[in-house]
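Enquirer: After the structure tokens below, expect a handful of questions from me.
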Amino acid sequence: MPNPTTRSEAISAKCRDCIYDPGAAGTWRQQVAACESGNCPLFDFRPCPPKRKLTSADLQKLREGTEGHGGAPIAD
Ligand code: SF4
């Protein structure tokens, strides 16, 4: 991935590098949304899918890592 040119791209790159597991459930944005590190300075700025596309139940499934969607989106 080329170096980010904006703050938003830099935050996205950091979060993706931090948490994304291609073998786990959900897209990288869904996995970032499921991040539970509330003390991370980037937590409030992390990129997340629109709330209408990810329910709290979806977040819980991602956190538990039991959904097995193989990287496919959980909700549309
Ligand atoms: S907000 Fe979460 S995913 Fe993003 S860098 Fe911090 S700990 Fe990692």
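The values are calculated or read from the model by the stated rules, or taken from the named source; none is laboratory data. Values in this document were obtained by computation on a predicted structure and should not be read as measured data. Cβ: placed from backbone, ideal geometry, glycine included. Neighbour counts: every protein chain shown. Just so you know, the surface numbers come from the protein's heavy atoms only, side chains and all, with ligands and any DNA or RNA stripped out. Shrake-Rupley method; radii C 1.70, N 1.55, O 1.52, S 1.80 Å.
Enquirer: Explain nothing, just compute: Karplus ³J(HN,Hα) = 6.51 cos²θ - 1.76 cosθ + 1.60, θ = phi - 60°, for every residue of region 48-59 in order, whole Hz, x for Gly and Pro.
Expert: Result, rounded to whole Hz: 10, x, x, 4, 5, 9, 9, 7, 5, 5, 4, 4.
Enquirer: With the other protein chains left in place, how much accessible area per residue, in square angstrom, belongs to region 7-64 at a 1.4 angstrom probe?
Expert: 66 Å²
Enquirer: Check the straight Cα-Cα distances from Lys14 and name the lysines below 22 Å, setting aside those fewer than 8 residues away within the same chain.
Expert: Here the lysines satisfying the reach criterion relative to Lys14 are Lys51.
Enquirer: Tally Lys/Arg at +1 and Asp/Glu at -1 over every other residue whose Cβ is under 15 Å from the Cβ of Ala13; what's the total?
Expert: +3
Enquirer: How large is the dipole of region 7-64 about the Cα centre if only Lys and Arg carry +1 and Asp and Glu carry -1, each at its Cβ, rounded to the nearest 20 debye?
Expert: 240 debye
Enquirer: Test of understanding: express the Cα radius of gyration of region 7-64 as a ratio to 2.2 N^0.38 Å, with N the residue count.
Expert: Compared with the compact-globule rule of thumb, region 7-64 sits at 1.04.
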